[in-house]
Amino acid sequence: MPEDAAKVFDEYAGDYAATVNAAIAASGEDSEFFADLKAVLAREALGDQVRTLLDFGCGVGGSTRALARAFPASRISGWDVSPESIARARALGGERLDFSAGSEGATQLPFPDVRFDAAFTACVFHHIPREEHARWARELHRAIAPGGTLVLFEHNPWNPLTRKVVRDCPFDEGVILLRPGYARRLLREAGFTVSRPRYYFFFPHLLRALRPLERLLRWLPLGGQYFLEARRVSASPAP
């Protein structure tokens with residue numbers, strides 16, 4: 001993981017939520033809403049048999065705490081490259097959570113093989129340089145037990161509101177968003193069997209009455225974000 005990313009997120013650890021909330025104000029929702037939404041979608045994908053779950057790139061732990069709410073019987077481990085973010089996550093606390101930070105220039109996760117039943121990562125890979133994507137995808141494959149699933153969330157680069165949010169968010173400066181086709185190939189090449197992308201968040205707060213329709217629209221590549229389900233089938237490590 002790049003040293004620059006750690007420095008950027010160390011700088012914003014103290015006011016991460018406020019920074020995100022300012023960037024997404026046009027949606028009418030806040031960062032906690034989106035963390036809970038992703039956690040609920042992950043619960044739909046993973047079911048209720050998950051006992052150990054990794055939050056890869058957990059930041060200050062907003063998604064980790066949302067996962068704990070969505071998976072009340074699971075132990076959630078958050079990992080991030082930013083020590084200041086992890087310190088903030090630990091200070092905010094939460095039940096059934098543990099957090100660890102990568103060392104400077106980390107190239108692997110500090111967990112043994114097949115440690116987790118499942119993994120979750122939300123809008124992390126666009127902060128990782130392209131040349132490092134394959135290595136981290138293989139690391140996630142290594143850490144998940146055979147039969148387990150990684151749920152990967154990313155911004156939809158085809159959605160104009162999403163592109164505006166990225167432009168307005170200071171720690172997203174210069175990032176290149178992952179097209180769904182690229183993300184699928186990345187995970188397949190790491191050894192996963194990967195679903196088609198599913199899109200969500202079509203309606204801002206003002207149109208929230210229409211949100212029950214979103215389940216029917218997940219095939220439509222216009223939602224603000226998308227997610228992939230990547231299943232580890234093989235017991236052998238990724239190539």
Original post:
Condition test on Gly174, is it outside any strand (DSSP E or B) and free of Cβ contacts under 8 Å to residues at least 24 places away in the same chain?
Top reply: yes
Subject >> Leading residue by the ranking (nearest to the chain's Cα centre (by Cα)) among those in segment 122-165 that are aliphatic (A, V, I, L, M) and outside any helix (DSSP H, G or I) >> reply: Ala122
Subject >> strands (runs of 3 or more DSSP E) contained in segment 1-115 and holding at least 2 residues open to solvent by 30 Å² or more (accessible area, probe 1.4 Å) >> reply: 97-101
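The values are calculated or read from the model by the stated rules, or taken from the named source; none is laboratory data. What you see is a predicted model; the values in this text were computed from it and never measured. Cβ coordinates were reconstructed from backbone atoms using ideal geometry, including for glycine residues, and neighbour counts include every protein chain displayed. What goes into the accessible areas is simple: the full protein's heavy atoms, side chains included, and nothing from ligands, DNA or RNA. Shrake-Rupley method; radii C 1.70, N 1.55, O 1.52, S 1.80 Å.
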